[in-house]
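As structure tokens, the structure follows; a few thoughts come after it.
Derivation of every value follows stated rules applied to the coordinates shown; laboratory data play no part. Quick caveat: nothing in here was measured; it's all calculated off a predicted structure. Using ideal geometry, Cβ is built from the backbone for each residue, glycine included, and neighbour counts are taken over all protein chains shown.
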Amino acid sequence: MAWQLLSLRFEVKAMAVASELKRYLPTAKKITNQAERRVINGEQVPSTEKVFSLFEDHTELLKRGKAGKPIEFGHKVLLVETGEKFIIHYETMPKQRADKDLIQESLSAHGKVFGGRPDVLAGDKGFYESMEQIKKLSKKINTVSICKKGRRTAEEDERESTEDFKTGQRFRAGIEGTISALKRSYKLGRCLFKGLKNFASSAGCAVFCHNMVILAAT
């Protein structure tokens, strides 16, 4: 094989290239196996088993469902932001999880920093699971500003028409602005670091820079 022939040359550059080529062999075998299953055997390979990048085999396919960008590649990142725009918690997920499963983690992160529950919990529809979930959260939090998916009853329409709920949704829209700034100003939109650990580090660096700018502005 090419890497074996290069390694026999006993030159530093050749041996380095050989080592790099050898590192890609397990991923190349996965890709070959995946193609054989899908093309030759007609098998539908689950996306969780697919390899989307030869160079970064940890990369995941993310179905965003947004116009112009229905699908992206990378990793899902959870951000927990306060009303002052400080990001108090972030997590880069090796395997993506549904937004609705991240609420308790977000509340726990808030509790560690502030010693209690927030007055307002805001999120997009992805964080909605059921009205039972909303009612349970409402017993502990003054305003749960998470829109219901699907049709609403008159009572549910009334809940989403209150000024407190609308204020929470305006705050949620501000979080989208923070995400946009992280992508544009701190290069979180495309990570050029190698490996999942360094991918997570790049998210941490962006969050740190964002918080320093917010601190300087206060």
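Given the -39500 (n - 2.57) contribution per DSSP H run of 4+ residues, what per-residue ellipticity at 222 nm results for the chain, rounded to the nearest 500 deg cm²/dmol?
Theoretical 222 nm ellipticity from helices: -14000 deg cm²/dmol.
Find, among the GluC sites (Glu not before Pro) in segment 68-150, those assigned to loop by DSSP (not H, G, I, E, B) with at most 13 other beta-carbon atoms within 10 angstrom.
Passing both the DSSP loop test and the Cβ count: E84.
Can you list the HN-Hα couplings for segment 25-41, worked out from phi with the Karplus curve (6.51, -1.76, 1.60; θ = phi - 60°), rounded to whole Hz and with x for Gly and Pro?
For segment 25-41, the Karplus-derived couplings read 4, x, 5, 4, 5, 4, 5, 4, 5, 5, 5, 5, 4, 7, 8, 7, 8 Hz, x marking Gly and Pro.
Going through segment 12-51, which GluC sites (Glu not before Pro) have at most 13 other Cβ atoms within 10 Å and a DSSP loop state?
E43
I'm spelling it out carefully: the read-out is semi-axes √(5λ) of the Cα gyration tensor in Å, the candidates are (1) 32, 19, 16; (2) 29, 21, 17; (3) 43, 23, 13, and one was derived from this structure. Which label?
(3)
Separation between the I71 and T27 pseudo-spin-labels, each 7 Å from Cα along Cα→Cβ, expressed in nm?
So the two model labels end up 1.9 nm from each other.
For segment 29-66 and segment 133-159, compute the distance between their C-alpha centroids and round to whole Å.
Between the Cα centre of segment 29-66 and that of segment 133-159, the gap is 38 Å.
As an exercise, identify the trypsin sites (Lys or Arg not before Pro) in segment 39-121 lying in DSSP coil whose Cβ has no more than 11 other Cβ atoms within 10 Å.
Here the sparse-neighbourhood loop sites are K95.
Can you give me the three principal axis dimensions of segment 54-123 from its C-alpha atoms, in Å, biggest first?
Its Cα atoms span 44, 26, 21 Å along the three principal axes.
Percentage of Cα-Cα pair distances in segment 86-130 greater than 15 Å, rounded to whole percent?
48 percent
So if R0 is 41 Å, what FRET efficiency would E155 and K95 give, r being the distance between their Cβ atoms, rounded to the nearest 0.05?
According to the calculation, E is roughly 0.65.
If r is the Cβ-Cβ distance from L192 to I40 and R0 is 41 Å, what FRET efficiency results, to the nearest 0.05?
About 0.70, to the nearest 0.05.
What residue among S138, G189, F86 has its Cα farthest toward the positive end of the dipole of the chain, where the charges are +1 on Lys, Arg and -1 on Asp, Glu, each on the Cβ?
G189
Which is the longest part of the chain that has none of the chymotrypsin sites (Phe, Trp or Tyr not before Pro) sitting in a DSSP loop with at most 11 other Cβ atoms within 10 Å?
That gives 56-218 as the longest site-free run.
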